[in-house]
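This report refers to the structure that appears directly beneath it.
Taken together, the values in this text are just the output of simple stated rules run on the coordinates, not laboratory data. Since this is a predicted model, take the numbers as computed values, not measurements. Note that each Cβ is placed from the backbone with ideal geometry, even for glycine, and that neighbours are counted across all protein chains shown.
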Amino acid sequence: MYSTPHTSKQEVSKAPHRKEQSSFMHSKKTEHVKVNALPLPEINRNAKRKLFTQTKSVKRNINTGSELVYKAMEQQAEAELQIELIKEDLALCSRATVRGVWLVFDPAGRGYVTLKEVKDVLELFKLDASDSAVKSLFARFDKNMSGVWEYDSITDMIVPIEKDYRDVLYLKGKEEMLSKEALMILKHLIKVYVESETGNEISEGMAREVFDKLDITNKQFLTLFDVT
């Protein structure tokens with residue numbers, strides 16, 4: 001469906017070597033519900049894009065420095081929109097479940113995922129990412145700042161915001177083996193997550209540029225007068 005782009009808790013053992021996709025998928029067969037048997041959500045997905053476009057087209061009476069800030073915010077908003085739409089696509093796959101995605105990251109069944117295992121998944125999917133981007137992505141879903149991902153981390157990563165799509169995803173139960181289509185969508189989702197975190201690296205330099213433009217008198221701090 002998608003084109004392929006060219007601890008405080010310490011690890012108790014190294015993550016198992018992943019030779020092929022099938023090597024980290026459990027072979028246990030469980031009955032799964034077909035998507036076409038589920039009540040599909042009646043949501044106009046184009047409405048989200050339209051709303052975002054309208055938001056971007058609002059004219060602003062601001063200075064150059066603030067415009068750079070808005071540009072960075074728009075880029076992040078666009079990435080988050082794309083992420084949400086991909087999550088919805090994943091929810092609509094007949095064999096795509098939270099449990100199945102969790103086992104991609106935790107094939108050994110230890111109950112948590114380390115930074116190394118996230119890097120292993122990126123390598124498995126042949127996704128290039130800078131070390132800082134991977135760490136930023138890891139921190140995004142390390143909700144307890146414990147140095148590991150827990151099951152809720154994967155839930156936050158793949159479950160859509162829209163209730164109807166969440167219901168479709170959860171009604172499929174705990175199928176443990178993702179379909180090929182689900183794996184491709186998951187790969188695309190992770191790719192966009194990484195790209196959005198890579199964008200955050202750029203925005204740090206942009207923040208310095210914005211600050212310098214707004215700090216006209218070089219006082220090394222900003223007041224409300226500077227940004228309005």
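The calculated FRET efficiency for the pair PHE221 and GLU195, based on their C-beta separation and a Förster distance of 25 Å, comes to about 0.15. Cα-based radius of gyration for region 99-191, normalised by 2.2 N^0.38 Å, reads 1.07.
Stretching LYS174 away from LYS116 to a fully extended chain increases their span by 18.3 nm, per 0.36 nm per residue minus the current alpha-carbon distance. Cβ-Cβ distance of LEU85 and ASP131, R₀ of 30 Å, FRET efficiency by 1/(1 + (r/R0)^6): the value works out to about 0.60. As a rough guide to protection, the peptides 93-104, 147-158, 119-130 ranked by mean Cβ packing within 10 Å, highest first, stand as 93-104, 147-158, 119-130. Cross-link check: pairs LYS87/LYS126; LYS126/LYS174; LYS119/LYS163 evaluated at a Cα-Cα cut-off of 22 Å; pairs beyond the cut-off: LYS126/LYS174; LYS119/LYS163.
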